[in-house]
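The values are calculated or read from the model by the stated rules, or taken from the named source; none is laboratory data. In this text the structure is predicted, and so the values were computed from the model without any measurement. Heads up, the Cβs are rebuilt from the backbone with ideal geometry, glycines too, and the neighbour counts pull from every protein chain shown.
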Amino acid sequence: MTILEMLGQSAVLTVLGITVVFSFLAIMVLCVSALGKFFSAREAALALAGNTQAAAPDKSSGTSAAGKIAAISAALNEYSKAQ
């Protein structure tokens, strides 16, 4: 085997190795991006579902979350005026 054949073989192996590594990296990037989009969409759906439930009236007391917040705000306002 001459030096030129060895250099040609090493060039082929180098290109093949680089191709395999970059292909694997590209697949990893695609998987991580897909997982990021999946969990982002899932988090948005859960947040939307949580906001919908928070805005729904509380069945035990008959008041909504906004009504509770308003009552707490009014109580804190009266408390701060008393001091």
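Just a few scattered comments:
- Pair list, Cβ under 8 Å, 6 or more apart: segment 28-50 residue surrounded by 10 or more Cβ atoms within 10 Å (Cβ to Cβ), other residue of a type in the set (S, T, N, Q): none
- Qualifying residue in segment 49-63 (condition: among the β-branched types (Val, Ile, Thr), over 30 Å from the mean Cα position of the chain (by Cα) and modelled with pLDDT of 75 or more): no
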